[in-house]
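Trainee: Take this structure, written in structure tokens, and hold onto it; I'll ask about it next.
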Amino acid sequence: MVLNGLLKTVRKIYFSHNVVLWMILTVLPISVSLFTMGMFSSEIVQHVPIGVVKQDNSQLADKLESKLRSSPVLNIKMACADMGECEHAVIRGEIQAFIVFPNDMERRALRLEAPVIPVYSSGQNYLTNMFATKEIRSVLAAVGSEMFTAQMEDPVKVQIHSVGNQKSNYQGFLVLGLVTAIFHLAAMIVGAYVASYPLRDHRVKEMIGYAGGSRFTLWFASVFPMNIILWLESLGCYAYCHRLLAPLSFEEFVMTAAAQLFMIAACSGAGIVFVGIFGLMRMATGAAGIIGSPAFAFAGQTFPVMAMPFAVRCFAFILPLTHVLMIQSTMMLGDVDMASTWHSMEILIAMAIFWNILGAFLMSMRWKQHVRLETKREEAAKLEAQA
């Protein structure tokens, strides 16, 4: 009897020609994840085009230029006659930055007067400029420290490597966090949509009837399928991204898969809580979008959490995404102590339990309220028909 009611309720919720539900449950998360993977499939930033203005034609200037040319991050695309030529090239987008080797640079350096070498960059592409200017500073500092030591005429070639990412591409590390963030948001929105669907269409009494009169069966039939579907989708997308990295061990795979499952359960539970609080699909999905959309910016993947203000650190801590990404990052390094990830896993499990219990309680209250309203409407309709 219970199983029959459960299956009947699942069929009515998920297979009653509900196109919007399947769009946000499957099509959008997978398509956005695949698009993100493709967008970040290229290698890590290299060959950033820059220009050079040599006002000082000295051996030091030649050496600096040679070192810059040997860097894999930089590509000296232009040797400008003056600053105006390079400035126009930056405005046109032909180069991202340019360096000026000022007059008497070598003579001032030999006198230990520490000549200043200006670097001008575009203000439009912050991240690209950050890579370029950081590499320029590194090269110039290295040459300065070697000025009075025996050295080879040819510069040493540089290779860029990333720990846990031998292919050195964004699809191998940044996109893993972005794909997880997509499902973090999708779980919140789907949870809000599924929970508010009977309320919106005034079908709570009908759905409880399908569930054999059990509100627990209705809740389980609403929550369990979407969590499993989203979890399997996230595992598939994660495996596709991770193919470029070293394979996970069985323990690492289990830990990562479990973290994603509890993240999705916690996020869908939070979406259900929004429905229980607001009672409207529009408000609940809006709240899920507002909280879930910027989560990646606060999860520590792009900016260290410890450097954020205290209030922001608190917000980051309550986001399931923060703890999932911590586990994923640890698993990527390989040969690590699993005990270091259990703290994050315990937090995820606690979040999943808390949000689902709270969501079940609030939805039970909402269902009682709507059953009374729907009963009154039915009675009013009968009286009107009799009249």
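Throughout, read-outs are computed from the coordinates displayed, never taken from laboratory work. The model shown is predicted, which means the values in this text are computed figures rather than measured ones. Methodologically, a virtual Cβ is constructed for each residue, glycine included, from the backbone with ideal geometry; neighbour enumeration extends over all protein chains shown.
Trainee: Just to check I understand the Karplus step: with θ = phi - 60° and J = 6.51 cos²θ - 1.76 cosθ + 1.60, what whole-Hz values come out for segment 78-92, glycine and proline as x?
Mentor: 3J(HN,Hα) across segment 78-92, in whole Hz: 9, 10, 7, 6, 8, 5, x, 5, 5, 4, 5, 5, 5, 4, 6.
Trainee: Sticking with this one: So in the chain, which Cys have no other cysteine's beta-carbon sitting under 4.7 angstrom from theirs?
Mentor: Cys237, Cys241, Cys267, Cys314
Trainee: Here is a further query. May I ask you to compute the full-extension gain from Met130 to Leu112, defined as 0.36 nm times their residue separation minus their alpha-carbon distance, rounded to one decimal in nm? Walk me through the numbers before you get to the answer.
Mentor: Working: separation 18, 0.36 × 18 = 6.48 nm, distance 2.84 nm.
Answer, rounded to one decimal: 3.6 nm.
Trainee: Another question, then. List the residues whose amide H sits under 5 Å from the amide H of Ile76, counting only those 5 or more places along or on another chain, with H placed 1.01 Å from N in the peptide plane.
Mentor: Residues meeting the amide H criterion: Ile50.
Trainee: Run the helix sum for the chain: -39,500 (n - 2.57) per DSSP H stretch of 4+ residues, divided by residue count, reported at 222 nm to the nearest 500 deg cm²/dmol. Could you put the intermediate results ahead of the total?
Mentor: On the way: 16 runs with 255 residues, N = 387.
Estimated from H runs of four or more residues: -22000 deg cm²/dmol.
Trainee: Okay, next question. Do any trypsin sites (Lys or Arg not before Pro) in segment 184-289 lie in a DSSP loop with no more than 12 other beta carbon atoms within 10 Å, and if so, which? Walk me through the numbers on the way to the answer.
Mentor: On the way: sites: Arg200, Arg203, Lys205, Arg215, Arg243, Arg282; in loops: Arg203, Arg243.
For trypsin sites (Lys or Arg not before Pro) across segment 184-289 that sit outside H, G, I, E and B with at most 12 neighbouring Cβ atoms in 10 Å, the list reads Arg243.
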